[in-house]
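Heads up: the structure comes next, in structure tokens.
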Amino acid sequence: MRTMLPLALAILSRAVLAEPVAFKGATLIDGTGKAPVQNAVLVVDGERIVAVGPAAKVKIPQGARAVDLSGRTIMPGLINAHGHVGLVVGGQNRADGYTREAVQAQLLQYERYGVAAVLTLGLNRDLVYEVRDEQRKSGGPGASLYTAGRGIGVPNGAPPVPSLPDQVYRPATPEEAVANVRETATHKPDYLKIWVDDVFGKFSRMQPAIFKAAIEEAHRNKIKVASHVFYLADAKAVIGSGVDALAHSVRDQPVDAELIGLMKKRGTWYVPTLNVDESFFIFADEPALLDDPFLAGALPPESVQQFKSPEYKTKVGSDANVAKARAAAANGMKNLKALHDAGVHIAFGTDSGANPARIAGWAEHRELELMVRAGLSPMEAITAATGGSAAMMGAADRGTLEKGKRADFLVLAANPLDDVRNTRKLVSIWHGGREIEPRVVSASAR
Ligand SMILES: [Zn+2]
């Protein structure tokens, strides 16, 4: 059963540019980490950037339409290198939730919050490849989909997410893991995902021989591997076996010189996902957040009601894992700062879509705020969330606003270098040279 309505609406709202357009007068953050350009010109032709730089240096092609963006800021669209689709429907995790409609709806939601691309790190049914390939062929709507397919978990263990058996592999032996990776490779995934830990001591861990076999087989097939992590010891073990990215923060204790040395030597990427830990308690602690239309607009009304209810507060208060999550949140913040300062590659992800409190679209803006609270500058957080994620994913055609790259950018009413929360002041969103109406536009953003 397909509903065509959301798709039809989406297509109506997306006009392909008929002529080159010169966006003039904005402050431009290009996603490389370089100082912003004042009074910039960004010229887009079709889906690509054809020229960009200070007004004095950019030659505007004849016949280009000019768009005055004086007082605005332009930055690249966000790239979420750790998300999930099709797991939460109507505010609940549902094993039968992974449908084409649910995946499409979530990709549209990401896009309308300024998330230009998402890497779905596991728990995907094989239809994810169909949706991805159709999108790549037709330029179809929604955030650009990258995927790790099913991923490799543990029998009766991680990931403990309601899902169907065809959404994740759970090999019992290294041989099975190799077969699972080979099957995954036939779909040409953009990454491989593995889960190795015991989920707060609840399950058995993945045997090192299994993740070693999975990582080696992935690399034989030229596929990079991201691992779920929580513990410092696991982070060292998977990096020792060649993993390319840690898909979460190390959260059990401070990182040490050994981990830093390993990550720097091997060029391992670090995706902090700080909002994961606070998602266990933040709406019980700060229900006023739910009054922000930017957040409420990303949630079904029943979720807003649920998070505001006294029952939810009681449930959070009595959950033994919440104290662990608070400690984990604090450790994650310190470890991001330590790894960043040591020169480890930082990318950007949120785990949004994994459960009802990890909210696609809103989580990405919140994550930037948390990265800045952890001690990164707004520029450093934005660089991780754009050029950083693209580099981790090997997505060479996007992530920065440079000549030849895709025209994936956000126009903001205020400069996020002054306050990173200004990324929420979306005036317009451009994705592959098409204009997307932001999901929520506050009066002040116009
Ligand atoms: Zn995840």
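Bear in mind that the values in this text are calculations on the coordinates, not laboratory data. In this text the structure is predicted, and so the values were computed from the model without any measurement. Cβ atoms come from the backbone with ideal geometry, glycine included; neighbour counts cover every protein chain shown.
Sorted ascending by nearby beta carbons within 10 Å, beginning with the fewest, 318, 249, 303 become 318, 303, 249. Can you give me the C-alpha center-to-center distance between the range 187-211 and the range 376-443, rounded to a whole angstrom? Centre-to-centre (Cα) distance: 31 Å.
Structure shown: which of 224/264; 405/425; 34/59; 137/193; 34/403 lie over 19 Å apart, alpha-carbon to alpha-carbon?
405/425; 34/59; 137/193
Residue exposure proxy: 227, 144, ordered by other Cβ atoms within 10 angstrom of their Cβ from fewest to most, comes out as 144, 227. Ranked by the mean number of other Cβ atoms within 10 Å per residue, highest first, peptides 398-409, 45-56 order as 398-409, 45-56. In this simple spin-label approximation, residue 130 and residue 45 carry label points 7 Å from Cα along the Cα→Cβ vector, and these lie 3.8 nm apart. Neighbour counting of Cβ atoms within 10 Å sorts the residues 211, 200, fewest neighbours leading, into 200, 211.
In the chain, helices alone account for a calculated mean residue ellipticity at 222 nm of -10000 deg cm²/dmol, with every DSSP H run of four or more residues adding -39,500 (n - 2.57). Peptide packing for 160-168, 258-266 was compared via the average number of neighbouring C-beta atoms within 10 Å per residue; ordered from the highest value, the list is 160-168, 258-266. Overall dimensions of the range 18-121, expressed as equivalent-ellipsoid semi-axes from the Cα gyration tensor (√(5λ), whole Å, largest first), are 36, 15, 11.
Averaging 1/r over every pair of different alpha carbons in the chain and inverting the result gives a Kirkwood radius of 22.0 Å. Here is the tail figure for the range 99-203: Cα pairs spaced more than 24 Å apart come to 28 percent of all pairs. Largest first and in whole Å, the equivalent-ellipsoid semi-axes of the range 155-249 read 19, 16, 12, each the square root of five times a Cα gyration tensor eigenvalue.
Close amide H partners of residue 436, meaning residues 5 or more places away or on another chain with modelled amide H under 5 Å apart, are 429, 430, 431.
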